[in-house]
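> Quick one: the structure is below, questions incoming.
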Amino acid sequence: MGDHYQTLGIRRDATKAEVKAAFRRSALRDHPDRHAGSTDAAARADAARRFRQASDAYHVLSDDRRRAEYDLRLRGSTSSYARTSSSAWASSSASYGYGYGYGHGHGHGGGSWRRTPPGAGAGASVGSIDWEFLLKAVTRRGFLINLGFASVLLSGAAFLDGSILEIWKMNNSGKSFEDAMEKVKNTQKGDGRA
C-alpha cells in the first residue's frame, strides 16, 4: 500500500494546499494521457500505477475525516481499528474512475473501518456490529431530526390521552365512562337499533 505522504513527497503536517500542489505535480508527471504515446508498455503501466497511488493519496489526504482516520491508523497500527481488507485501498481505486482526469471519487467511501470486539481476531468482524457505522448513522442530522419529530409525536399522543380523560371528567362529573356506555346501549335498545 505504501505511505500516502511519501507517495506525494510531503511532510505529515502538510496543509491542504501543499497536498493539492503535490498531487498536481504528480498528476502532470504521471497522468496516463501524458504517456499514451509511449511505445514502452512497462513505462505506461508504471506511470498509471504511480498516478493511481497519487490519486489514492490525494483522495485520503485532501479530506479531513479520511486523513484523520489514516493518521490514526498509521500511528496505532496495533490498535483495534483494522481494515476489513488489506487490499481495500487498491481495489477501491478502480471505482473512482482513475485513468483520465482527476477522478479521485469525492463522495465515495474509501473502504470501511470496523472496530473489532475486544479479544476477537481480524476475522471476527463478520456478523459483528460495526460500531463506527452505527455511531455515524445515529448522529446524522436526518436521523436526529426524525428522532426529535418522533419524540414530539409520542409526547403529544401521551398528552392527548391524558387530556381526553380530563375533559371527560370535567364534562361528566360524577359519572363514570362505564355508566355512560351503559346509557348509550340502553338508548340504542329503546330506538330499536340493538
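No value in this document is a laboratory result; all are computed from the given coordinates. Computed from a predicted model, the values in this text were never measured in an experiment. Note that we place each Cβ from the backbone using ideal geometry, even for glycine, and neighbour counts take in every protein chain shown.
> Using R₀ = 25 Å, calculate the FRET efficiency as 1/(1 + (r/R₀)^6) where r is the Cβ-Cβ separation of D13 and K136; round to 0.05. Before the final figure, lay out the partial values.
On the way: r = 27 Å, r/R0 = 1.07.
It comes to 0.40.
> Assuming a viscosity of 1.306 mPa s and a temperature of 10 °C, what translational diffusion coefficient in µm² per second does Stokes-Einstein assign to region 148-194, Rh being the Kirkwood radius over Cα pairs?
Value of D from the Cα-based Kirkwood radius: 123 µm²/s.
> Now a separate question. Net charge near V138, counting Lys/Arg +1 and Asp/Glu -1 over other residues with Cβ under 13 Å of its Cβ?
Values: positive: K136, R140, R141; negative: D130, E132.
For residues surrounding V138, the net value is +1.
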